[in-house]
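Only one structure is covered here, and it is reproduced in the block below.
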Amino acid sequence: MRIDLHAHSNVSDGTEPPAAVMAAAAAAGLNVVALTDHDSTDGWAEASAAALDAGIALVPGMEISCRTEEGISVHLLSYLHDPAHPGLLEEITKSKDARTSRAERMVTLLAEDYPLSWDDVIHHVAPGATLGRPHIADALVAAGVVADRNEAFASILTSHSRYFVQHYAPEPAFAVELVRAAGGVPVFAHPVASSRGRIVGERTYLEMIDAGLAGLEIDHRDNPEDGRAYLRTLARKHGLLVTGSSDYHGTGKPNLLGENLTSPEVFARIEELGTGSSVVR
Ligand code: AMP
Ligand code: FE
Ligand code: FE
Ligand code: ZN
């Protein structure tokens, strides 16, 4: 069984529609794939039909952007939650709306120095998709300012950049609570990805565990080896599930479907714990 529990479509910042992600997952030899778009479940229906066609199992999921009191970014994966749960839906709607005004402010700042307009950005966004810096990066690539998304994130779009603007995001422990309330299985995505910015300390893990955190995504290319050792210790101590995933974004990132995998035992446990929606197979 080849199980990859983290992939994005153009419902957020992946580059392919959900059906194409399912086809790519089957072509990569996966048996199970999770669709985990940022702050959106809008891709579930299309992905479900395509997964059935392709003969692979789909785990409906989502990746929630969170921020701690100290301002550290945390990504929380949710599997098998109820997409209509009012509390969770209200929270991700708030984030999605805030992302739009945030992107507008970033584009206003960028337009002072670069040939970039709001229309140029929207051109790279599928209707209704969760807006993010990757879409601004795509417009900067099209304008010839940078070669690819990676160069944009390494320069103009970093969180230290003078063009960077924050957006509303829930605190991690609160997001964990909401995912549980919605019958979902909360897993901390790439927890020690220090290349993306500051990483959280023990207190945040303990708060998330108290709130009902189910697992840690340890096998992810952005987690350095020393950080993985710390996470394995934490998982053992607190009885957390351990997952491995690609974080596929189509051509938006080098991450390849199936480059990291989750064990069948952990997948079975996630399926048992998730009561808000079902694995599509
Ligand atoms: P945002 O949520 O709008 O602040 O943008 C962060 C998103 O950009 C993350 O979800 C990543 O998927 C994506 N991202 C971060 N770094 C890179 C990179 N170097 N290349 C491509 N995408 C990236
Ligand atoms: Fe992303
Ligand atoms: Fe992430
Ligand atoms: Zn992701």
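The values are calculated or read from the model by the stated rules, or taken from the named source; none is laboratory data. What you see is a predicted model; the values in this text were computed from it and never measured. A quick note on method: Cβ atoms are made from the backbone with ideal geometry, for glycine too, and the neighbour counts reach across all protein chains shown. Side chains included, ligands, DNA and RNA excluded: accessible areas come from the protein's heavy atoms. Shrake-Rupley method; radii C 1.70, N 1.55, O 1.52, S 1.80 Å.
Ignoring everything except DSSP H segments at least 4 long, calculate the 222 nm mean residue ellipticity for the chain; use -39,500 (n - 2.57) per segment, divide by total residues, nearest 500.
Working: 10 runs with 112 residues, N = 281.
The per-residue figure over the chain is -12000 deg cm²/dmol.
Could you compute Rg(Cα) / (2.2 N^0.38 Å) for segment 52-195, with N its residue count?
Values: Rg = 16.7 Å, N = 144, 2.2 N^0.38 = 14.5 Å.
Against the compact-globule rule of thumb, the ratio is 1.15.
Just to confirm, what accessible area per residue do you get for the chain at 1.4 Å probe, in whole Å²?
Values: 11510 Å² over 281 residues.
Using a 1.4 Å probe on heavy atoms only, each residue of the chain averages 41 Å².
Please list, in chain and number order, the residues 5+ apart from residue 74 or on another chain whose amide H is under 5 Å from its amide H, with Hs placed from the backbone.
Under 5 Å from the amide H of residue 74: 66, 67, 68.
In the chain, what % of DSSP beta bridges are antiparallel (nearest 5)?
Numbers: 12 of 27 bridges.
For the chain, the DSSP antiparallel bridge percentage is about 45.
Could you rank 277, 12 by how accessible they are, 1.4 Å probe, largest area first?
Values: 277 25, 12 0 Å².
Largest accessible area first, the list is 277, 12.
What do you get when you divide the Cα radius of gyration of segment 1-123 by 2.2 N^0.38 Å, with N the number of residues?
Numbers: Rg = 16.5 Å, N = 123, 2.2 N^0.38 = 13.7 Å.
After normalising by residue count via 2.2 N^0.38 Å, the value is 1.20.
If one computes the Cα centroid of segment 69-106 and of segment 116-132, what distance in Å separates the two points?
18
Considering only protein heavy atoms and a 1.4 Å probe, what is the carbon-and-sulfur percentage of the accessible area of the chain?
Details: 6020 of 11510 Å².
Carbon plus sulfur share of accessible area: 52 percent.
Please report Rg over Rh for segment 77-148, where both radii come from the alpha carbon positions and Rh follows the Kirkwood definition.
Expressed as Rg/Rh, it is 1.09.
Filter the trypsin sites (Lys or Arg not before Pro) in segment 120-224 down to the DSSP loop ones having no more than 12 other Cβ atoms within 10 Å, then list what survives. Don't skip to the answer; put the middle values down first.
Numbers: sites: 149, 162, 180, 196, 198, 203, 221; in loops: 162, 198, 221.
Passing sites in segment 120-224 are 162, 198.
List every residue whose amide H lies under 5 Å from the amide H of residue 62, counting only residues 5 or more places away in sequence or on a different chain, with H placed 1.01 Å from N in the peptide plane.
Sorted by chain and number, the residues that satisfy this are 78.
Largest first, how would 123, 220 line up by accessible area (1.4 Å probe)?
Result of the area sort, largest leading: 123, 220.
Using only the Cα atoms of the chain, what do you get for the radius of gyration and for Dmax, in Å?
My reading of the Cα-based Rg and Dmax gives 17.8, 53 Å.
Where does segment 137-281 land on Rg(C-alpha)/(2.2 N^0.38 Å)?
Working: Rg = 17.2 Å, N = 145, 2.2 N^0.38 = 14.6 Å.
Dividing the Cα Rg of segment 137-281 by 2.2 N^0.38 Å gives 1.18.
Would you calculate the volume per residue, in Å³, of the smallest convex hull containing every Cα atom of segment 119-192?
Details: hull volume 10.3 nm³, N = 74.
Cα convex hull per residue, to the nearest whole number: 139 Å³.
Keeping every protein chain in place, order 253, 237 by accessible area at 1.4 Å, biggest value first, i.e. largest first. Walk me through the numbers on the way to the answer.
Values: 253 65, 237 145 Å².
Sorted descending by solvent-accessible area, the residues read 237, 253.
Starting from the Cα of residue 251, step 7 Å along the direction of its Cβ; do the same at residue 174; then give the gap between the two resulting points in nm.
Inter-label distance under the simple model: 3.9 nm.
Each residue of segment 177-192 in turn: what ³J(HN,Hα) in whole Hz from Karplus with 6.51, -1.76, 1.60 and θ = phi - 60°, glycine and Pro shown as x?
4, 5, 4, 4, 4, 8, x, x, 10, x, 10, 6, 7, 5, x, 10
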